[in-house]
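Reviewing the structure listed below.
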Amino acid sequence: MRRAIYPGSFDPVTNGHLDVIERARKLFDEVVVAIAHNDQKKPLFTLEERLDFLRQTTGALDRVIVLPLDGLLVEFAVQQDANAVVRGLRAVSDFEFEFQMALMNRKLEATVETIFLMPKEEYTYLSSRIVKEIARLGGDVGSFVPACVVEGFAKKLGERSDQ
Ligand code: ADP
């Protein structure tokens, strides 16, 4: 049984993330999407909201599990009996950070390999950060994120402007 962990902040999930999940599903028997809980990035969406978006959008896919991630990624991978960590690579700009993390994780736990997957070209410019910026400025993000996230933005940004 080949199981991979796909970790990230997913704040929020985008079509680029979903593309990587689909690709990973072709390579592994099971893909655990692990949403980082202890995030220094001050996420816009709560952990529960991020879990909910991913569960809604991957609910129809078998062999995909969505879980919160707390603590060290490699420890989580061992607990989950996973032999690989999947990360997405969009551009050269992702490379340095990803390379460093992959080598550090290997140092911490030699049994877990990191695999990089490239998304469809049209998603290479897509990031959660840029989508949040567009949504905040009132732009239409409908072609970048699943429908439940579009609704999530409307709710979240509506709540914020009420405050
Ligand atoms: P993190 O905070 O860990 O970078 P993200 O949620 O931003 O988490 O991303 C999780 C993983 O998905 C990372 O490996 C990132 O490079 C990858 N990723 C993000 N957006 C895309 C995209 N549009 N196409 C492919 N991979 C992506």
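The listed residues are F76, F95, F116, and the only one of them that is aromatic (F, W, Y) and open to solvent by 90 Å² or more (accessible area, probe 1.4 Å) turns out to be F95.
Scanning the range 23-50 for residues that are over 22 Å from R136 (Cβ atoms) and in a helix (DSSP H, G or I) returns R23, A24, R25, K26, L27. The single condition among (1) under 17 Å from F153 (Cβ atoms); (2) surrounded by fewer than 19 Cβ atoms within 10 Å (Cβ to Cβ); (3) not basic (K, R) that M1 does not meet is (1). Looking at the range 76-111, which of the residues that are of a type in the set (D, E, K, R) and over 17 Å from G8 (Cβ atoms) is farthest from the chain's Cα centre (by Cα)? Within the range 76-111, the match that is farthest from the chain's Cα centre (by Cα) is K107.
Looking at the range 133-152 only, could you name the residues that are in a helix (DSSP H, G or I) and surrounded by 20 or more Cβ atoms within 10 Å (Cβ to Cβ)? Across the range 133-152, the qualifying residues are A135, V149, G152. Just the residues that are away from the ligand (no atom under 11 Å from the Cβ) and aliphatic (A, V, I, L, M), please, taken from the range 23-32. L27, V31, V32 - these are the residues of the range 23-32 that are away from the ligand (no atom under 11 Å from the Cβ) and aliphatic (A, V, I, L, M). Filter the range 1-22 for residues that are within 10 Å of the ligand (Cβ to nearest atom) and either part of a loop (DSSP other than H, G, I, E, B) or farther than 27 Å from E133 by Cα (or both) and give the result. Result: S9, F10, D11, P12, V13, T14. Tell me, please, whether a residue that is more than 14 Å from A84 (Cα to Cα), more than 10 Å from the ligand (Cβ to nearest atom), at pLDDT 95 or above and outside any helix (DSSP H, G or I) can be found in the range 52-63. Yes: the range 52-63 contains one or more residues that are more than 14 Å from A84 (Cα to Cα), more than 10 Å from the ligand (Cβ to nearest atom), at pLDDT 95 or above and outside any helix (DSSP H, G or I).
Scanning for something closer than 18 Å to F45 by Cβ, within 10 Å of the ligand (Cβ to nearest atom) and touching a helix residue (DSSP H, G or I) at 6+ places or on another chain (Cβ under 8 Å), does the range 146-162 turn up at least one residue?
No, the range 146-162 contains no residue that is closer than 18 Å to F45 by Cβ, within 10 Å of the ligand (Cβ to nearest atom) and touching a helix residue (DSSP H, G or I) at 6+ places or on another chain (Cβ under 8 Å).
The values are calculated or read from the model by the stated rules, or taken from the named source; none is laboratory data. Bear in mind the structure is a predicted one, so any value in this text is a computation, not a measurement. Positions of Cβ are backbone-derived with ideal geometry, glycine not excepted, and every protein chain shown enters the neighbour counts. Just so you know, the surface numbers come from the protein's heavy atoms only, side chains and all, with ligands and any DNA or RNA stripped out. Shrake-Rupley method; radii C 1.70, N 1.55, O 1.52, S 1.80 Å.
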